[in-house]
Amino acid sequence: MSRRRIEAQCGVAFEMAAGDQLRVIDPCGEQVADFIAFSRADRREWLSSGRTLDYNNTIYLTTGHTLFSNRSQPLLTITGDTVGRHDFLYTPCSPEMFRALYHVTGHHPSCFENLATNLRPFGIEPDQIPTTFNIFMNVEIAGDGQLRILPPRSRAGDFIELRAEIDLIVGLTACSAELSNNQRLKPIDYVITPSSSA
Ligand SMILES: [Zn+2]
């Protein structure tokens, strides 16, 4: 597949077959991409932050780590990563979050809305969307447990690569939150390489 673009503050959903590789590229630098996956065979099985942190014993996931489902099944393996800093603690930014934390009164685009809209045709309801794997999101944890969101460490052209271990439905966004993206909202690119051509 050729390189595709998710425009700023937008999202997509698509299917991956077992063995397919997904490369998520930051074309401009300092841009987060929220990622979520569901089993194509049973949408009640989804990518779980809790299980993934359980089995990897780290919150800093990178090349060689496996991402697990709520049923403790491997869903994806990270096969390449030029950044080495991503977040799996925060939920996708949402309309409620923009109202509560940033006092936005009108409509503000959000990863949650973009994921919900794009995953609905695949039979996934908004309430099924869990904590997302926030690619390139840079969260620092202080000794007392305080979290701080810093600009992503990704520069233009940096990427992460994920291999599907089972057939999946995937949601992916160019994050809409100003704070997570150093105040500049930019696109995200991605490429899917089928297992047959890998
Ligand atoms: Zn977001």
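The values are calculated or read from the model by the stated rules, or taken from the named source; none is laboratory data. Quick caveat, the model's predicted, so the values are computed rather than measured. Positions of Cβ are backbone-derived with ideal geometry, glycine not excepted, and every protein chain shown enters the neighbour counts. Accessible surface is based on the protein model in full, side chains and every heavy atom, while ligands, DNA and RNA are left aside. Shrake-Rupley method; radii C 1.70, N 1.55, O 1.52, S 1.80 Å.
Rundown of residues vs (1) among the polar types (S, T, N, Q); (2) without any contact (Cβ under 8 Å) to a residue 60 or more places away in the chain, yes/no style:
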position	(1), (2)
N118	yes, no
T132	yes, no
R148	no, yes
R153	no, no
G157	no, no
I160	no, no
I166	no, no
N182	yes, no
D189	no, no
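A quick yes/no check of all residues on (1) within 19 Å of T91 (Cβ to Cβ); (2) over 14 Å from the mean Cα position of the chain (by Cα); (3) assigned to a strand (DSSP E or B):
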residue: R5; (1), (2), (3): no, yes, yes
residue: A8; (1), (2), (3): no, yes, no
residue: E15; (1), (2), (3): no, yes, yes
residue: G19; (1), (2), (3): no, yes, no
residue: D34; (1), (2), (3): yes, no, yes
residue: A37; (1), (2), (3): yes, no, yes
residue: R43; (1), (2), (3): yes, yes, no
residue: R51; (1), (2), (3): yes, yes, no
residue: Y55; (1), (2), (3): no, yes, no
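Look through G29, G80, G11 and report the one residue that is within 16 Å of the ligand (Cβ to nearest atom) and open to solvent by less than 20 Å² (accessible area, probe 1.4 Å).
The match here is G11.
Restricting the range 83-95 to residues that are outside any helix (DSSP H, G or I) and within 12 Å of the ligand (Cβ to nearest atom), which is farthest from V24 (Cα to Cα)?
Looking at the filtered set, the residue picked out is S94.
Identify all residues within the range 96-118 that are more than 11 Å from the ligand (Cβ to nearest atom) and either in contact with a helix residue (DSSP H, G or I) (Cβ under 7 Å, 6 or more places away or on another chain) or within 16 Å of T132 (Cβ to Cβ) (or both); write none if there are none.
Selection gives E96, V104, A116, T117, N118.
Which of the residues spanning the range 67-77 are closer than 15 Å to W46 by Cβ, under 15 Å from the mean Cα position of the chain (by Cα) and not hydrophobic (A, V, I, L, M, F, W, C)?
Within the range 67-77, S69 is the sole residue that qualifies.
Starting from residues that are open to solvent by 50 Å² or more (accessible area, probe 1.4 Å) and part of a helix (DSSP H, G or I), keep the ones in the range 152-195 and report whichever is nearest to F35 (Cα to Cα).
My answer is L179.
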